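The values are calculated or read from the model by the stated rules, or taken from the named source; none is laboratory data. Source: prediction; values computed, not measured. Neighbour counts run over all protein chains shown; Cβ positions are idealised from the backbone, glycine included.
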There are 2 protein chains.
Amino acid sequence: MATQVVGILGGMGPAAGADFVRLFVDACARLLQARGDRVRDQAFPEHWLAQVPVPDRSGALLSTEAGAHQPLEPMLQALGRLAALGVQSVAMACNTAHAWHGRLQARFPQIDLLHVADEVARALRAEGVPQAILLATTGTYQTRLYDEALARVGMGLITPDAAGRERLMHGIYEGVKRGDLALAQRCFAEVAQDLLDRHGPQPLIMGCTEIPLALPGAPGLVGQRLLDPAQYLAQALALRAYGGRPAAQMS
Amino acid sequence: MATQVVGILGGMGPAAGADFVRLFVDACARLLQARGDRVRDQAFPEHWLAQVPVPDRSGALLSTEAGAHQPLEPMLQALGRLAALGVQSVAMACNTAHAWHGRLQARFPQIDLLHVADEVARALRAEGVPQAILLATTGTYQTRLYDEALARVGMGLITPDAAGRERLMHGIYEGVKRGDLALAQRCFAEVAQDLLDRHGPQPLIMGCTEIPLALPGAPGLVGQRLLDPAQYLAQALALRAYGGRPAAQMS
């Protein structure tokens, strides 16, 4: 099977970008094993990770000003450099950055720019799950990234109220992004527990790449399904890398 | 402080390359904290990871034939593409690949190509450690990568016999590279235990990037010092990225 060169647009944050490479390598190894190929270094597809400084995505979405604080330009530049490296498919290791997915894809039609929420929606629909809880940034809530992707496949989405959203942002920015994972876990677990108490057991979509770095293992959430969109995105990128079309293969 | 763009040459194996990015991001966060800067996405230096298929390094070193199975050419190509991206310093996430360090550095004099064994030797000398045990590939033993780096700073090196080296290769190739971490841990721990029994407590240099993916946590090695060269290399790359000169700062 022909392999293609693939890229990962990261730096948003850098720890999540590094973790996405790990998930991608794991997904490639599983695909190799599933088709009976020997897992060896040379069986992995060429892939490039760009970790570039990008202005804060949620900040840009909440601001009404245009200008230098906008994330679009550095993302376009990094995508252009990935394209110049011969990359054919790209995954963005940041949920909130998908607010610019349409504009990035339009500027680079030759690249297949994966969409994380569509990958999650496709996988959950295939399982017959009717609805899910979303833990995310205010930017991702505001752009209705998951609401729309899940609605397209007939699924519902439960989201926290304003106080819960603020608590999640505190865990992301003062917790994970500053290296305080204990604080982050407390913030994320409180919001998750509150939604589970009110709506009953539901899959929890950890819809910001910083959340899976801290939430799993939270004492109160044992037995709950924590769903990492990056795993679905990594799996989709691995399928592209090995020449497969995920829409047909995963549903 | 001016930051520079840095690169990571990986794919040897890809899991180790992914793990190296994690170590590099951690090292950057520690440097930011140490100088009192706020750790936020935009404070990290731009960095690129190239994970390219490279023929087996130990296999090439053990073979007397020249030709397509040689790792030098793909490493040169990847390094050239990293240079074109504006990268000024590069770390190679593979110990055995350092057998080609001199030739790669000579071809790209404008790039500062870090040397993993020199980074480890510098750090251990600063601690006053007299000698260490090396767990590595047959390729790394054959090229005397660590023997020479440690000898340059007046340190001794303990290495396993032929049977031990073969056991390590089994753990690396049939264990880590194929995803069987339990097998890998048994192989690595046996060899480590045998050398500790014969030579007494010594720091153990895990001198192949696959070994730290399986050895830590081995029951018999609790309390022993397991030293991951990738951590020293990642720290050195982070110092370069933030404009520091590690030789002066670390010793």
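Structure summary
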{"read-out": "Sole residue being closer than 18 Å to B:VAL25 by Cβ and within 18 Å of the chain's Cα centre (by Cα), chosen from A:MET92, A:MET75", "value": "A:MET92"}
{"read-out": "Total residues in the stretch B:180-227, condition without any contact (Cβ under 8 Å) to a residue 24 or more places away in the chain and closer than 19 Å to B:GLY139 by Cβ", "value": "1"}
{"read-out": "So A:ALA241, is it assigned by TED's automatic domain parsing to the domain that holds A:HIS101, of a type in the set (Gly, Ala, Ser) and either modelled with pLDDT of 95 or more or under 23 Å from A:VAL116 (Cβ atoms) (or both)", "value": "yes"}
{"read-out": "Criterion: buried (at least 19 other Cβ atoms within 10 Å of the Cβ) and touching a Lys or Arg at 6+ places or on another chain (Cβ under 7 Å) - qualifying residue of A:VAL191, A:VAL176", "value": "A:VAL191"}
{"read-out": "The stretch B:167-223: number of residues that are outside any helix (DSSP H, G or I) and among the β-branched types (Val, Ile, Thr)", "value": "3"}
{"read-out": "Matching residues in the stretch A:18-38 - criterion: being among the β-branched types (Val, Ile, Thr) and in contact (Cβ under 8 Å) with a residue 24 or more places away in the chain", "value": "A:VAL21"}
{"read-out": "Yes/no for B:GLN70 being farther than 23 Å from B:VAL153 by Cα, in contact with a Pro (Cβ under 8 Å, 6 or more places away or on another chain) and free of Cβ contacts under 8 Å to residues at least 40 places away in the same chain", "value": "yes"}
{"read-out": "Residue in the stretch B:73-85 that is under 30 Å from A:LEU213 (Cα atoms) and either more than 8 Å from chain A (Cβ to nearest Cβ) or without any contact (Cβ under 8 Å) to a residue 60 or more places away in the chain (or both) present", "value": "yes"}
{"read-out": "The one condition in (1) assigned to a helix (DSSP H, G or I); (2) more than 20 Å from B:PHE20 (Cβ to Cβ); (3) free of Cβ contacts under 8 Å to residues at least 24 places away in the same chain that B:PRO109 fails to fulfil", "value": "(1)"}
{"read-out": "Some residue of the stretch B:53-67 being at positive phi, at pLDDT 95 or above and more than 9 Å from chain A (Cβ to nearest Cβ)", "value": "no"}
{"read-out": "Single residue of the stretch A:22-42 satisfying the filter (in contact with a Pro (Cβ under 8 Å, 6 or more places away or on another chain) and not polar (S, T, N, Q)) that is modelled with the lowest pLDDT", "value": "A:ASP41"}
{"read-out": "Unique residue being aliphatic (A, V, I, L, M), touching a Lys or Arg at 6+ places or on another chain (Cβ under 9 Å) and more than 22 Å from A:TRP48 (Cα to Cα) when the list is B:ALA99, B:ALA50, B:ALA60", "value": "B:ALA99"}
{"read-out": "Which numbered condition A:ALA16 misses (of (1) buried (at least 17 other Cβ atoms within 10 Å of the Cβ); (2) facing chain B (nearest Cβ under 7 Å))", "value": "(2)"}
{"read-out": "Test result for B:VAL120, among the β-branched types (Val, Ile, Thr), closer than 24 Å to B:GLY156 by Cα and touching a Phe, Trp or Tyr at 6+ places or on another chain (Cβ under 6 Å)", "value": "yes"}
{"read-out": "Count of residues meeting criterion [of a type in the set (A, V, I, L, M, F, W, C) and over 23 Å from B:VAL129 (Cα atoms)] in the stretch B:207-236", "value": "3"}
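So that you can scan it fast, the table gives a plain yes or no per residue for (1) surrounded by fewer than 23 Cβ atoms within 10 Å (Cβ to Cβ); (2) outside any helix (DSSP H, G or I); (3) at positive phi; (4) β-branched (Val, Ile, Thr):
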| site | (1), (2), (3), (4) |
| --- | --- |
| A:ASP118 | no, no, no, no |
| A:ALA121 | no, no, no, no |
| A:ARG125 | yes, no, no, no |
| A:LEU134 | no, yes, no, no |
| A:THR140 | no, no, no, yes |
| A:GLU148 | yes, no, no, no |
| A:GLY154 | yes, yes, yes, no |
| A:LEU157 | yes, yes, no, no |
| A:PRO160 | yes, yes, no, no |
